[in-house]
Amino acid sequence: TVRVFHHENVLGTSLELKVAAADEAVAIRAEAAALAEIDRVAKVISTYDASSDYSRWFKTQAVPVNVPVELLEVFSLYDRWQAGSDGALNAGAEAISRVWQKAEVAQRLPEQGELDAAVAAARGPHWQLDRKAGSATHLTATPLSLNSIGKGYIIGHACDAALKVSGVAGVVLNIGGDLCVRGELNEPVELVN
């Protein structure tokens, strides 16, 4: 049996969860597990929640702070993808976005000096990780966003949580177009030109 669940305003958008399960009661337990995991991980890495572990860490500077393993993993993913993309994927790109947003409000193009400063700020290292100690040191005042990797990270954890429910064979989780497929379910993906 495949049961489909819909929710609104999950990570700021809509959620569709498909669960292949032994019966409806199992599917409902998988839904609960997925939603609980979304809430749990979001409370760790959210840049929007002032009480998240990330937000508390962001307020510190130049001091190692013990952080949950999920935050260390997301920071590590950014480090890896920033290096692998030659800097194109970068949590510090938020500084550049803010320059453009400020210019848009003023109905003008950003000045070159503003852009140059934002690019320089984005390029710098933003944290130093100590996996053995379980800590991260915040190095800059640069605005950061974890959205590009963070949302997929949360979705992956939610899929895993749903799949761990006894009697669940497969899960498809779509949150705002970001997909995770695990187990014995398929999801057709249509490419639009």
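The values are calculated or read from the model by the stated rules, or taken from the named source; none is laboratory data. Just so it is clear, the structure is predicted and the values come from calculations on it, not from any experiment. We place every Cβ from the backbone using ideal geometry, glycine too, and count neighbours over all the protein chains shown. Keep in mind that these areas ignore ligands, DNA and RNA; they rest on the heavy atoms of the full protein, side chains included. Shrake-Rupley method; radii C 1.70, N 1.55, O 1.52, S 1.80 Å.
Here are the numbers:
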item	result
Selection within segment 114-140 - open to solvent by 50 Å² or more (accessible area, probe 1.4 Å) and over 27 Å from PRO64 (Cα atoms)	ASP116
Candidates VAL65, VAL74 - the one that is part of a strand (DSSP E or B) and not charged (D, E, K, R)	VAL65
Qualifying residues in segment 65-82 (those that are open to solvent by 80 Å² or more (accessible area, probe 1.4 Å) and of a type in the set (A, V, I, L, M, F, W, C)) - the one modelled with the highest pLDDT	VAL69
Selection count, segment 33-52, where residues are open to solvent by 40 Å² or more (accessible area, probe 1.4 Å) and under 24 Å from LYS164 (Cβ atoms)	5
Candidates ALA62, ALA30 - the one that is surrounded by fewer than 15 Cβ atoms within 10 Å (Cβ to Cβ), in contact with a strand residue (DSSP E or B) (Cβ under 9 Å, 6 or more places away or on another chain) and among the aliphatic types (A, V, I, L, M)	ALA62
Residue tally, condition outside any loop (DSSP other than H, G, I, E, B) and either under 19 Å from PHE58 (Cβ atoms) or among the charged types (D, E, K, R) (or both), over segment 102-134	12
